Structure formats: C-alpha cells, structure tokens
Amino acid sequence: MHLFPRVGRGGLLRAAAAVVALALAGGACRENPRAASAQELAEGPWSTLVAQARGTTVIWRMWRGDPAINAYVDKWVAPRMQEQFGVEVQAVDSQGPEMVNTLVTEREARGGTAGTTSLLWINGETFAQLQQEHLLAGPWTMRLPNAALVDAASPIITRDFEQDPTGYESPWGMVQFALIYDVERTPNPPTTIPALAAWIRAHPGRFTHDQSFTGLTFLKGLMYGLGGGVERFQHGFDEARYVQGRDALFSWLQSVRPYFWREGTTYPPDVAAMHRLFANGEIDFTMSNNQNEVVTKVRQGILPPTSRAVLLDEGTIANAHYVGVPFNAPNPAGAMVLANFLLSPEAQLEKQRGEVWGDGTVLNVPALPEPWPARFADVATDAAALPYDVLAAHARPEVHPQYHTHLLDDWRRVMRADAR
Amino acid sequence: MTRRNVAPLAAVLLIASPVIVGVAYTILAALGLRGAGASELTVRHVAAALGGWDTWRGVGWTLATAAVATAVAAAAAFTVALRVQQSPLGRLLAVLPLAVPHVAAALAALLLLSQSGWVSRLTHAAGLTPTPADFPALVYDRFGVSLVLAFAWKEFAYLVLTAVAVLGTLDRASDEVARTLGASARQVFWRITWPQLWRGTSPAVIAAFAFLIGQYEMPALLAPSTPTALPLLIYERSVDPNLLRRGEAYVVALLALTLCAGLIAAHGIWRRRLPGVTR
Amino acid sequence: MTHATHRFTLLALAGWVLTPIVVLALRAVSLSWRYPQIMPMATASGGAFEALADPRLVAAAATSFWLALATGVLGTVLGFVTARLVTRASGRLQQLTWLGALFLVVAPPLASGVGLQVVMLSLGFGGTVLGVLLAHLVPATGYLTLFAAGILGSMQSGIEDEARTLGASRLQVWTRVLLPQLAPRFAESVVLGALISWGQLALTLLVGGGVVRTLPVELLSLVRSGNDQAGALAALVLSLPPLLGLGLLVRATRRTGAAL
Amino acid sequence: MNTPRGLVVTGAHVSFGARPGLHGVDLSVARGERVALLGPSGCGKTSLLRAVAGLQPLTSGAIAVDGTEVTGVLPEQRGIVYMHQSPSLFDHLSVIDNVGFPLEVRGTPRRQARERAAALLDRVQLARLAHRASDTLSGGQRHRVALARALAANPAVLLLDEPFAALDPELRAEVRETVLDLLGTAEWAPAVVVVTHDVDEAAAMAHRVAILLDGRLAQVASPEHLLNAPVSVAVARLLGLPNVLTGIRAADGRVSFALDRCDARGAVGQVAVVVRVNAVRFGPPGAGTPARVVSVQHRLAGTIVRVDVAGEQVTGIPAPGLSLAAGDRVGVLVDPGAVHVLDEALGGRDV
C-alpha cells in the first residue's frame, strides 16, 4: 500500500534536485554588493527619511552579553523610538565576527536582495572586515542631524583602529579598559606593569586573563607599554615593530606565567568566566573593556560590592563603538533614524549614567546647547567609578587591526598552546 | 535501480537534501570558493588546518573525552536499567536529565565542580580544602573531568531509556533455560543478557558518542583552552579576525563530519557481521 | 535483588540525577552565593523572578513551544511516511537509509548548520521561524524515522491483510485499524520530536541568525553574560515542559527508544 | 537398598498466590525412562517442572537426582535441563555455539566444546547449519538444535514442557521421532518428563503417563493400562475416552448399563462404566442391543460410528464389511472383558 503513491514517482527526486541546484546557484553569481539604498536615502532630505521610517521595524544586531546594556536598549531606547518615530526596535544577539559570516552567507545565497538585519553594532576589526568584504552601506553618517554634536576632536572617536569611519559607521559610545579588584582582598593594587608582575609573583595562582576579546585588549595594552608606548605602533601595521613588541610581551608573559592561575596551562574562555572566578575568590583580578562595568556588575550582584576598577600607569586602551548599516539592510531608513537617536543628548546622557550602563559619551559635551552640559556634569559618579580626568589621562587609542589579528594568532600558537 | 526503490530514495534525498547541500557548501568553502575571505580555489585552508598540530590534538582530545563519557554513561545506564526496569520511580528519575538542556547541564557542572563550586565548598566545610586552589581542578582542566561528567550525565538518561526498552524485548525464558543448561547467574548475565543488551543498545551508544564529538555548548563552558576541543576549534576559526583563515573552520567542520560518518559506517559494518542481526 | 540493594540503587540514582538540578535551583533563588557558602546568603525576593516575566523571555518561550510542537508533529508525519516507504525498499537501500538517518541525528550542528544556513537563506527563510523549523526538522526527522521504523517493524504483519479480508477498504484499514493502533506511538513520536527541537541551540543560532529567539538562545545569552542567577532560573524553566513530555514517554518506555 | 537412579520427587508442594498450587506430588522417573505429564491447562504441570528444575521454590517436599537431594540447589547444579515450549535458542549465538553453550559454561575449552557440539549436531542431522545464525532456522530445525543443546549438558533429568506444541502435525511427528531416537540411545539415558496435553503424543512417547488433576497426581500408569482402566471419571474424561456410561449396580453386584450388564462388586447404586471404543462392535439389527446410527467418521485407523442407545451415545466400530450411514438401525455387541466399572456416579455433564 502506498501512502502517497503519486508524489513519490520522480516528483520528489526532482524537487530535491531543485533545492540542491537552487542553493548552489544562489551564490554562484557574485555581484558587487548593493550599497545604494542607504546612500540614496542619505541624499534626500532628513524629514523624508523620518517619514519613510515610520511604522517600520529595525532589527539591530548587537552583543547582548550584559544585562545592563540589554535593559538600556530594550527598556529605554526601544519604547522611545516607538513613541517618537513609530519605529519598532528589535535587538538580537550576534557578535562582530559572526555578523561578517552571516552577511557573507546572505550575499552568497541571496545576492543584493534584502537581508535580515538593518543595523549592526561594530568596531575595530569587525569594521575592517566588513569594509574588506564590502558589506557596509554608505556613506550616510554625515546626514544624521546629530552627527554635528560628535566630538570631532577626539582621536579615539574619529579613528576606529586607525581607520577612517567616515560615512560608513556612526559612533555611539566610548569605553576604556580597566582591571577590576576587590579592595578588601587587595587594598593596594599594582598600578604599573612592573608592579603587576611583582604582585603576580607574590600571589601565585591569583591572576589570569581570558582568551576572548577582553583578554586580547589587556595583552595589546601590555604590548604598547612594554614595547615603548602606543606611538611606536601607530600609523599602519609594521611587521618589524610588531615582532619587537610581541617578543617583549611574550618574554614578560613567560616570566610571570608560572604564577598565573592554574600555572598558565589554561585560560578562562570569556570575561563572564573571569567574573565568576573573581567573585568566588579563585582569582584576585578580573577585567573589562568598560571602565564602568564594575559599577553595573556590582549592582547586578555578579561582582562583590567591594569591587573597584584600576588603570595601569602605562595606559589602557580606549575605543569607541559604532553602528553600521549592512549593504542588504531591509530597512535602512529606520536604521538611520535609530543611529541618529542614539547620538541624541538624552540617549547619550541616559547611557552614561552608572546605574544604567556607564558607557562614555561620544558627544562634544561643552559645545552642547544648555542645559545639556550641566546635566552631563551632574551624572552622579558611583564610589567605584573612576573620575573622568584620570580616565582621559590614561587613555590610549587602538592601532591598526592587523596588530590585533597577528597578536591573537601568535598568542594562541605560542603562549596558549604550549604550557611550560 | 528497481522501481520500488524510487519513491523511498526520493523521500530520503528530500529530507537529507539540506545536509547534502550543506556538505557541498562546506567543501566549497574549505577549498576557498565560498565564505568570508573567499577568493579562489586553494588548498591553503586544508593544508593549514590538517597540518596543524592543534587540530589533531583537538581531535584526539575530543574523541577521548567523548569516548570516556560515553563509556561512563553506558556503564551507569546499563547498571541502572537492569535494576530499575520494574520501578516506575526509578525510570522517571533516570530519564530526568533528558529534560535539562545542554547549556543548563553545563552551568550546573560549573556551579558544582569548579574549584569554588558546591563540592569544593563541602570539602572546605569538612576542613579538607582550605582554599579553592586546594580543590582539584575539574573545570577547564586538561582531562576534561567536568566535561566528561556533564556529557555522561546527559547521555546517561538517553541510554537508560534505550536500555530499558531493549531489556523489555528480551526473552526471559532463555535466561532460565541457560540456568538449567548449567550457567550460573553470573554466566547468564555475561553470556546471554549482556550480549543481547549490547547489540540492542549499540546503535544508541554509537549515536551518543558521535553526538558528543560535535556538541558545542558544553565544551564552550567547561573545556580547557588547550587542547582545544573540536567544536571550539571550528567556532574559533570561523570567527577568526583574520578573514583569510576562516576557511580553516570549514576544513575542521568537514573533519568532524567525516569522523561522525565514519563512526556510524564502521558501526553499521560491524553490526552486519553479527549473527542474528537482520538490519 | 534484595530490598536493600534496590533502595541503594534508587538513592544513588537520585543523587546522581538530582544533585545538579538542586544546585541549579539553589542558584536560581540566590542573589549572591559565593565561596565558601554552602547555602545562599541571600535568597532572591520577588524582584529576581521578574526576569521570568521579561517579555523577551516570554516571547522566546512561546517561540520555543510552537517550534517544538510543529517539529514534533511534522517530524512524526515525515518520519512515519519515510519509514513506511523505506521498509518497502530493497535491503541495501534500507540499510543506507538507517545509517543516513542516524547521521542526520548526530551530525555536528556546527558543521551541518553552516550548510543549512545557506539553504535556508537561499530559500528566503534565513532569520525566520519557518527556516528554523525546517532546520530543526532535519535531525528530528532522522530520529523519528528510526523510531517509526522500530514501531512499524514490530507491528503484526498480517493485520492489514486480515482487515482487508474482513471487508475493510484500503482507506478503512488505515482509519479503523492502523491509525488507532499507532495513535499512542504517534503521541510518543511527537514528544520525542518536540524534545529534539526544544534543546536545539547551534542550528537555531545559525539559521535563525540571532533574529529567531528561542529559550536556549536566551539562556546562552544569560550564561555568557555571567548572570548565573537568571541563567539558572531560565534553565529550570526550560526544563519544565520537557518534564511533562517525559512523563508521557516513561509510561511507555519499553517501546520508546527501541527505535535506535 | 540401591539409591534410585533418575528423578525422585517426594511430597512436592508449591503455592502461588490465589491460584491453586501443587499438593504433595510424588513421582519417580528412572534413568532411561520417559514419563508424560498430562493434565488440563492450569493444573500445575509447568509449575511442577519449574520447581523440579529449581526455577521456582518448593513450599515443601524434596527432589532428588540420582540419589542426591537437590532441593534448594541452584538450577545450574542440579543436572536437570529444562526445555521450554518454544525452543529458546540464544539468537546472538550461532547454531554451533548454542549447542556448545552448556559445555563452555562448564569450562570446556572452546575448541573442544565446538567439536562435541558438531558431533551432536550431526546426530540431529543439522551439521550443515552449524555456522548459521540461530534465528534463520525453521521451527523444526530450532527444536532439533535445542535438543542437541540440552543433550550437550549431559543431563540426568530432561524436562520437556510441551515440546512440540508450536509445530504443525507433520513436523511434530518428525521431530518426535528424532527425540525418541536420541533419547533411546543408552549413552545419555536421562530420566525424561514430558508435559503434553495430547494423549496420543503421551502414549507415543512415554513409558508411563502421569495424570495431574487439581494439583495432585491422579494416576500414574502405562498408557495401555491408563486407557483401559482410568481410576476415575475425571481421568477418563481427561483422556478423552468417548464411552463413559451410566450404570446401576444391583444388590447382587450386577451392573447393568445401556449396552450390557456385567459383574463388579461394590456399593449398590449408580456407577460409571467405561467401555473401550474397539470393544464396541456394531452389526446388523437383531444381534445385540438395538441402536440407531447418529454419525459416521472415516479415519486413518478405521471407521468410527456413533450410535444412540436408549438416549445414551456410544462410540464403536462397525463389523467388517458393514457399511453404515446416519439413521441406520444396528445391533450393538460388547466385549465383556473390556468393560471397566468405576464406583462413582456420573456427573450431570453434557455430552
């Protein structure tokens, strides 16, 4: 007895073959990415664009690893976008490197037709990769009315890993790397690289760094400090300087690694694992790319209340983060309205509040119309937060993404692979 | 091909088509023709991935942890299945881990077995381990102890389910006959019950083993940085900041697929040679 | 086996199975729980459970539920049809199919998922619930085909012929004999398929592109952010619906699982 | 006194829950002897066998094998082999390994075990199937393998539980021949107990037949004696004897019944009379008791005729050369030597 006797004869086979053919053919013709629509929109008047965005949905890919950030986006930004512009904001989880793969796959499978998402949270090496693969739409950012408020004098904002973001990504926040310690366990934390090495040797098994983005930022900062300052690494990638800096870093690491947690035979997978180890007293330092994460994580109960941030005198890496519009954004108008809203003084102020996120503003605060400068000045600083001038004095810019790429590769190959 | 094979073959192909296409794409990407950073036909990715010591170390480590975990799970599952067959409470308890997602099981392992985990706190309270560092490293450790236990915990439930089902189909009369033919209770178990239980459950055991080779979430939370587990290697390479190296991810993915397919095929061949196995 | 060893077995089993669940539960209700405390120092008040009412989590739970249900139902239909078709094919093809189905079940999602992603994107299903459903159907159908083959193989072979000679038409054989006989097995099959979908993570992430949010995806976000309290809570919530399904399965354990 | 060789069951009691069990069964079976255990379903035949084999505990009583008490001894140490209704071959082993199993579990090296198994397979004419998987065999072949396997254990006692029930008649005869053939060989000569519900099979296989009714042995006797002289109406009915008639005994001890009368001393009143079928002969009307033919059946062993005699039905055989049909009138003659009188009233059972 046949359940579906007629379907089976050849029909299914043909259907299967069609699926196979369709899938393979999808990526066969590789056209230049269609960057037009965001660009075209940028040429028209802003009011037209806002009108076009009304009633649409913007899907925004972002890192969703922090409940504080999620709450800011979901509970503060989204309702206001809906209320003021009639745009629904849906934030979805995706980290930079994954976005590149997804967009490449979308292009291979669908060519220039509409993709899934309209806005991307990116910076640094992801921006470089997206540009390399021509996956970003632009230029469009100069059309944002709020772009005029951005602090054009800050090298950290105007250069993203030494690349010119002009037109292809819009800044929306700034963070600075900091070590986190417990003031009860470590009343006098080290504040220089040599002091840190001495502290590690004096406290075997109490220090480590993770093997993801945060850990690498820590290593890059060390490389600048040990390699003669960030200036030596600026102005493009230089192989010889890199090797010199890397060797200095690796010999420093070799000398302290035996005193690392688990004697440096293994590293925590990510910063969440670092926080867990720190909170339970397995290690005495954790770290963050955001100087204010200590404040939000204490509030969330993830870190002990006596946690504090500390910077190294050799300087710590500060970088800005941005939003970009992919080449195949289904809703570029909505994405641009959202990017503009993120640059508004009220959105930037809310974001900077310690109890919200503690993310640094990218606006030129003194140049803002009243009453904004006063309001930014009034942002209550938490006991655990570092003062603005201290941060500024220690901030070091990012350098060419190739340093990042090479260092990660070499660290995995040399330092991680071979314990002792 | 005979006519009666056409419809079934078409149905099977249709269901498998996404995976067939997927494998085709993976091969193209491994050869540098698809994916981020793709440009031209090259064996660079293949050479880099297969020539790398860390790949083979990861393969070995992943196979070893998966094998040990499967062995532990199977031994525990058989022991329990033989004893709780008749106990509804026992059966319900045994299959509980099926309901717990892998991420959750990994989180539980972290909370339980890390050096500052619950077990460590108990030994601390008992005065055995003054500090977390005195507790043995079971998480992110070279031997993958917590990973093996978490794997085993999840697969245990699945194997109990299978073993109880197989035991239910066994002919109890043959045990009695074997007794009167002169076999002791122990001999009956090892010569009659066990071979039949094993042949009934071996596909499930192999499936569990192959599944663990590709399981991502648990190693992501519990495995050490070196050796790097196979799924973590795939992920790490697929998001490498150097776009030119992402092709290696597809090579390692193909390697994982081949391992799984090889295991299943080898098991199929072994099984066909057994007496009394028709399929 | 004596009563005492039986009790010991049950106790050991309970310890092995329940300890991780108990620790998750303790973590879920504790605001902070640091070394070396054996019990949480501060249990979470109502506020901590607000996470459960988070609209995102609720929406993710709904997505997970419908995905699981649809995967179970469609996977059952596809699985039984395939098994039925294949049991009529030649021995060699049958054998290949069983191996192939087994492969679909265990193929590393990270490896097979990349391909599925391409397929779904080219069909225009990338980042849609439908695409994720189709992706979940691949391992589920593989598993349920094996399950269905076990069931159909153990069914009385003469029953159809006998029903026909008793005067039932071909349709009536199905509606009055086979389907009623198979109905409980269908229910088990739907539960199994739903379980497979419910726990999927890698395939959901790849094909859903982060846009389709299911409970495991949200759970991973929470665990990755280090928010263990919310993570443990979500983990327990995630485990409850499958428990109900398992209750149904355990009743029929002897048949279930014989598929593999 | 010599210790008896073979199986001796003394006062076996087995109880199981609500169902009636066994009550004081005594049975001895000598080496080389075959006893058939016959009884209605549910009478405890299988329980008795399982208890003897040690698969089920005795409430009280004793079992001895070759003079050694084995009550409470583990099943594998009794020297008793129990063969199940459907031959429980170990499907995960090949045919030869099935047969070699009893030897291997006794520590015989595998090669030797296989040699011996091959010899046994040869005796059941299955040497050519030695390396087949056992689940590919036909029903008859499976039985023969199971028998060879049982004999490999060299048992003192062999228990066969309805051994041929699952076989079709033709195969049944063939397999039975094989079994008898093998068991007849002096080399092994185990004491054999066969459970069956087929009287012909019991008569064909066994030296003696034991009738088990309501948990008790009602009669143990040779097949011939049993058929001629059942001890009770219940036994006669169990054996399926067709002519169990009502008789009346007068004060002088004369018993009169529908066909005839005979002498049998005993209490006055109703008795039961058992007459063997081949002792009842139908001739032309006029000679003997008049009767009317009810039905005629032609069988391999001869023609069987059922007649009505004054309201009672009697089965017998026609006189040579006489062809009968339903409705014919006949005269009935009875061989007085084949009339067996039982001192009990016939129950009001439907015929």
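The values are calculated or read from the model by the stated rules, or taken from the named source; none is laboratory data. As the structure is a prediction and not an experimental result, all values here were calculated from the model. Neighbour counts are summed over all protein chains in view; Cβ atoms, including those assigned to glycine, are modelled from backbone coordinates with ideal geometry.
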Exercise. Report, by residue number, each residue of the range B:122-162 that is among the small types (Gly, Ala, Ser) and either at the interface with chain C (Cβ under 10 Å from one of its Cβ atoms) or over 10 Å from B:Ala109 (Cβ atoms) (or both).
Key: B:Ala125, B:Ala126, B:Gly127, B:Ala133, B:Ala137, B:Gly144, B:Ala150, B:Ala152, B:Ala157
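For (1) part of a helix (DSSP H, G or I); (2) among the aliphatic types (A, V, I, L, M); (3) over 28 Å from A:Ser251 (Cα atoms), each residue gets a yes or a no:
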{"position": "A:Asn340", "(1), (2), (3)": "yes, no, yes"}
{"position": "A:Glu350", "(1), (2), (3)": "yes, no, yes"}
{"position": "A:Val356", "(1), (2), (3)": "no, yes, yes"}
{"position": "A:Ala377", "(1), (2), (3)": "yes, yes, yes"}
{"position": "A:Asp382", "(1), (2), (3)": "no, no, yes"}
{"position": "A:Ala393", "(1), (2), (3)": "yes, yes, no"}
{"position": "A:Leu407", "(1), (2), (3)": "yes, yes, no"}
{"position": "A:Val414", "(1), (2), (3)": "yes, yes, no"}
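Scan the range C:217-242 residue by residue and report those that are among the aliphatic types (A, V, I, L, M), touching a Gly at 6+ places or on another chain (Cβ under 8 Å) and in contact (Cβ under 8 Å) with a residue 40 or more places away in the chain. Before the answer, list the steps.
So in the range C:217-242, the residues among the aliphatic types (A, V, I, L, M) come out as C:217, C:219-220, C:222-223, C:230, C:232-238, C:240.
From what is left, the residues that are touching a Gly at 6+ places or on another chain (Cβ under 8 Å) are C:217, C:219, C:222-223.
Across the range C:217-242, the qualifying residue is only C:Val217.
When you scan the range C:201-221, how many residues do you find that are outside any helix (DSSP H, G or I) and either at the interface with another protein chain (Cβ under 9 Å from one of its Cβ atoms) or over 14 Å from the mean Cα position of the chain (by Cα) (or both)? I'd like the intermediate steps shown before the answer.
Let us first name the residues in the range C:201-221 that are outside any helix (DSSP H, G or I), namely C:201, C:209-214.
Then drop every residue that is not either at the interface with another protein chain (Cβ under 9 Å from one of its Cβ atoms) or over 14 Å from the mean Cα position of the chain (by Cα) (or both), which leaves C:201, C:209-213.
Matching residues across the range C:201-221 total 6.
For the range D:86-104, how many residues meet the condition of being within 23 Å of B:Val166 (Cβ to Cβ) and touching a residue at least 12 places away in the same chain (Cβ under 8 Å)? Working first, answer last.
First pass over the range D:86-104, keeping only residues within 23 Å of B:Val166 (Cβ to Cβ): D:86-94, D:97-98, D:101.
Adding the requirement that they be touching a residue at least 12 places away in the same chain (Cβ under 8 Å) leaves D:86-91, D:93-94, D:97-98, D:101.
Within the range D:86-104, residues that are within 23 Å of B:Val166 (Cβ to Cβ) and touching a residue at least 12 places away in the same chain (Cβ under 8 Å) number 11.
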Quiz item: In the range D:315-351, what residues are in contact with a Lys or Arg (Cβ under 7 Å, 6 or more places away or on another chain) and assigned to a strand (DSSP E or B)?
Solution: D:Thr315, D:Gly316, D:Ile317, D:Arg329, D:Leu333
Quiz item: Hey, among the residues in the range B:18-47 that are touching a residue at least 12 places away in the same chain (Cβ under 8 Å) and part of a helix (DSSP H, G or I), which one's farthest from C:Leu203 (Cα to Cα)?
Solution: B:Arg44
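Okay, residues lined up against (1) more than 8 Å from chain C (Cβ to nearest Cβ); (2) modelled with pLDDT of 90 or more:
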residue: B:Leu111; (1), (2): no, yes
residue: B:Leu167; (1), (2): yes, no
residue: B:Glu176; (1), (2): yes, no
residue: B:Gln187; (1), (2): yes, yes
residue: B:Pro203; (1), (2): no, no
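Out of the residues in the range A:82-131 meeting the condition of being β-branched (Val, Ile, Thr) and in a helix (DSSP H, G or I), tell me which one is farthest from the other protein chains (Cβ to nearest Cβ). Please lay out each step first, then the result.
At the first step, the residues of the range A:82-131 found to be β-branched (Val, Ile, Thr) are A:87, A:89, A:92, A:100, A:102, A:104-105, A:113, A:116-117, A:122, A:126.
Now drop any that are not in a helix (DSSP H, G or I), which leaves A:100, A:102, A:104-105, A:126.
Numbers: A:Val100: 5, A:Thr102: 5, A:Val104: 4, A:Thr105: 6, A:Thr126: 8 Å.
If we take residues in the range A:82-131 being β-branched (Val, Ile, Thr) and in a helix (DSSP H, G or I), then A:Thr126 is farthest from the other protein chains (Cβ to nearest Cβ).
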Quiz item: Can you tell which of D:Arg50, D:Arg78 is assigned by TED's automatic domain parsing to the domain that holds D:Ala218, in contact (Cβ under 8 Å) with a residue 40 or more places away in the chain and out of contact with any Cys (no Cβ under 9 Å at 6 or more places or on another chain)?
Solution: D:Arg78
Quiz prompt | Identity of the residue in the range D:125-151, in contact with a Gly (Cβ under 7 Å, 6 or more places away or on another chain) and either among the hydroxyl-bearing types (Ser, Thr, Tyr) or not in a strand (DSSP E or B) (or both), that ends up farthest from D:Val81 (Cα to Cα) | solution = D:Asp135
Self-check item: Hits in the range D:46-83 - residues which are over 25 Å from the mean Cα position of the chain (by Cα) and outside any loop (DSSP other than H, G, I, E, B)
Solution: D:Ser60, D:Thr68, D:Glu69, D:Glu76, D:Gln77
Quiz prompt | Tally of residues being buried (at least 24 other Cβ atoms within 10 Å of the Cβ) and of a type in the set (Ser, Thr, Tyr) across the range A:275-311 | solution = 3
Self-check item: Test: C:Val177 is at pLDDT below 85, in the same structural domain as C:Ala234 (by TED's automatic domain parsing) and more than 21 Å from the chain's Cα centre (by Cα)
Solution: no
Quiz item: Does D:Thr196 qualify as being hydroxyl-bearing (Ser, Thr, Tyr) and buried (at least 19 other Cβ atoms within 10 Å of the Cβ)?
Solution: yes
Self-check item: One residue from B:Leu257, B:Leu244, B:Leu263, B:Leu233 being more than 9 Å from chain A (Cβ to nearest Cβ), assigned to a helix (DSSP H, G or I), touching a Pro at 6+ places or on another chain (Cβ under 7 Å) and not β-branched (Val, Ile, Thr)
Solution: B:Leu257
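Only helices (runs of 4 or more DSSP H) wholly contained in the range B:114-207 count here; list those with 2 or more residues that are of a type in the set (Gly, Ala, Ser) and more than 30 Å from B:Leu222 (Cα to Cα). I'd like the intermediate steps shown before the answer.
On the way: elements: B:118-125, B:145-169, B:172-180, B:185-188.
Once the helices (runs of 4 or more DSSP H) in the range B:114-207 are filtered for at least 2 residues that are of a type in the set (Gly, Ala, Ser) and more than 30 Å from B:Leu222 (Cα to Cα), what remains is B:145-169, B:172-180.
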Quiz item: Somewhere in the range A:313-321, is a residue crowded, with 24+ Cβ neighbours inside 10 Å, among the polar types (S, T, N, Q) and part of a strand (DSSP E or B)?
Solution: yes
Self-check item: Hits in the range D:70-83 (condition: of a type in the set (A, V, I, L, M) and within 8 Å of chain B (Cβ to nearest Cβ))
Solution: D:Leu74, D:Ile80, D:Val81, D:Met83
Quiz item: Would you pick out the residues in the range D:84-97 that are farther than 18 Å from B:Arg191 by Cα and at the interface with chain B (Cβ under 7 Å from one of its Cβ atoms)?
Solution: D:His84
Quiz item: Assuming C:Gly91 fulfils every condition listed in (1) at the interface with chain B (Cβ under 7 Å from one of its Cβ atoms); (2) more than 21 Å from the chain's Cα centre (by Cα) apart from one, which condition is it?
Solution: (1)
Quiz item: Could we say that B:Ala29 is modelled with pLDDT of 80 or more and within 9 Å of chain C (Cβ to nearest Cβ) here?
Solution: yes
Exercise. Can you tell me which residue within the range C:23-48, out of those that are surrounded by fewer than 14 Cβ atoms within 10 Å (Cβ to Cβ) and more than 9 Å from chain B (Cβ to nearest Cβ), is modelled with the highest pLDDT?
Key: C:Met39
Exercise. Consider B:Thr201 carefully, then state whether it is closer than 20 Å to D:Leu103 by Cβ, not charged (D, E, K, R) and not assigned by TED's automatic domain parsing to the domain that holds B:Ala265.
Key: no
Quiz item: Restricting attention to the range C:101-130, which residues are more than 16 Å from B:Leu254 (Cα to Cα) and of a type in the set (Gly, Ala, Ser)?
Solution: C:Ala101, C:Ser122, C:Gly124, C:Gly126, C:Gly127
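Being under 18 Å from the mean Cα position of the chain (by Cα), at the interface with chain C (Cβ under 7 Å from one of its Cβ atoms) and without any contact (Cβ under 8 Å) to a residue 12 or more places away in the chain is the filter here, so list the residues in the range B:70-100 that pass it.
Our first condition is that a residue be under 18 Å from the mean Cα position of the chain (by Cα); within the range B:70-100, this holds for B:70-78, B:95, B:97-100.
So of that shortlist, the ones also at the interface with chain C (Cβ under 7 Å from one of its Cβ atoms) come out as B:95, B:97-100.
Answer for the range B:70-100, where residues must be under 18 Å from the mean Cα position of the chain (by Cα), at the interface with chain C (Cβ under 7 Å from one of its Cβ atoms) and without any contact (Cβ under 8 Å) to a residue 12 or more places away in the chain: just B:Ala99.
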Quiz item: Among the listed residues D:Val99, D:Val73, which satisfies the condition of being hydrophobic (A, V, I, L, M, F, W, C) and surrounded by 17 or more Cβ atoms within 10 Å (Cβ to Cβ)?
Solution: D:Val99
Quiz item: Looking at (1) within 11 Å of another protein chain (Cβ to nearest Cβ); (2) over 24 Å from B:Ala99 (Cβ atoms); (3) in contact (Cβ under 8 Å) with a residue 12 or more places away in the chain, which is the only condition C:Leu182 fails?
Solution: (1)
